[in-house]
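Q: Okay, here's the structure, questions in a sec.
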Amino acid sequence: MANRSILSRMIFTVSLLTVIPNIHTASASIRTDRLSPGQLRVWNSIREIVFAKDGSGRLLHARLHELWHSVESSGHLIFIELPKQAENSTTKAGDMAIEKVDPLGDQHIIVVRLFLSTINRAYAEKEHPLDAAQFTPLAGLSRNARYAEVLGHELAHVERLLADPDYLGLYTGLDRELSSYFSSRNNQTAGNSNQEAQRHLERIELLENEVERPAVAAEAQIWRELIAGEGGKMGGHNDSHGITLFATARMGGK
């Protein structure tokens with residue numbers, strides 16, 4: 001049977017909400033309006049990682065910065081939230097949801113959430129990995145660096161969602177499969193329920209793999225950059241370099 005953790009990863013990640021007209025505003029970017037003063041301090045530490053440079057002025061985390069720039073310049077509104085954990089999950093590291101859809105496609109409203117307490121609890125080796133070619137979730141990364149890696153994973157989702165209509169189709173397809181799964185569990189008799197649920201779970205797993213593939217690839221690249229940055233101990237950013245790896249997502253889904 002398909003792994004039940006699929007549901008814990010995806011149920012609260014797929015969220016395509018209200019379609020409303022005329023969203024357009026004067027300021028479209030990555031927004032921190034929803035953060036408290038304490039959360040804003042954490043966010044600024046993450047932002048330092050995105051823009052960190054070495055002594056020659058070269059970006060330390062080029063892929064993370066590239067994703068940030070792509071999303072920030074997209075013309076859409078991206079709100080950041082930093083709750084301690086997901087309302088219905090203690091194991092989810094982060095998620096992304098479209099809050100409002102612009103029918104013209106010009107300016108959607110999207111929220112990216114990083115669940116800080118969950119990220120803090122995620123287990124990983126504290127030492128830097130001996131082989132950076134092997135993507136090792138969370139290994140060798142400081143706390144703020146973990147937050148940055150979760151952010152990179154979610155920004156990769158946002159970038160692909162905004163650029164590729166087929167990717168949006170994967171999200172909506174996953175949403176339909178999840179709805180069908182719960183409907184079949186609630187409405188069918190016991191004799192047919194398990195078989196129908198199994199079919200939905202298998203389709204959910206296939207869609208989830210397609211949705212996650214580009215984000216995991218970006219995250220692995222970011223992790224290697226951040227590990228290299230932390231190893232260099234550049235400037236005053238020692239506590240800023242690093243990321244939260246996809247293992248955290250597998251605990252609850254990014």
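Q: Across segment 127-162, what is the total count of residues that are of a type outside the set (S, T, N, Q) and modelled with pLDDT under 85?
A: The qualifying residues number 13.
Q: Can you tell me which residue is surrounded by the most Cβ atoms within 10 Å (Cβ to Cβ) among those in segment 54-68 that are over 16 Å from the mean Cα position of the chain (by Cα) and free of Cβ contacts under 8 Å to residues at least 60 places away in the same chain? Before you say what the answer is, go through the steps one by one.
A: Within segment 54-68, the subset over 16 Å from the mean Cα position of the chain (by Cα) is 54-62.
The next check asks that each one be free of Cβ contacts under 8 Å to residues at least 60 places away in the same chain; those that pass are 56-59.
Details: 56: 5, 57: 6, 58: 8, 59: 16.
So, considering only residues that are over 16 Å from the mean Cα position of the chain (by Cα) and free of Cβ contacts under 8 Å to residues at least 60 places away in the same chain, the one surrounded by the most Cβ atoms within 10 Å (Cβ to Cβ) is 59.
Q: Quick one: in segment 75-100, of everything that is in a loop (DSSP other than H, G, I, E, B) and more than 25 Å from residue 145 (Cβ to Cβ), which residue is modelled with the lowest pLDDT?
A: Only one residue fits best here, namely 88.
The values are calculated or read from the model by the stated rules, or taken from the named source; none is laboratory data. Fair warning: this is a prediction, and the values are worked out from it, not measured in the lab. A quick note on method: Cβ atoms are made from the backbone with ideal geometry, for glycine too, and the neighbour counts reach across all protein chains shown.
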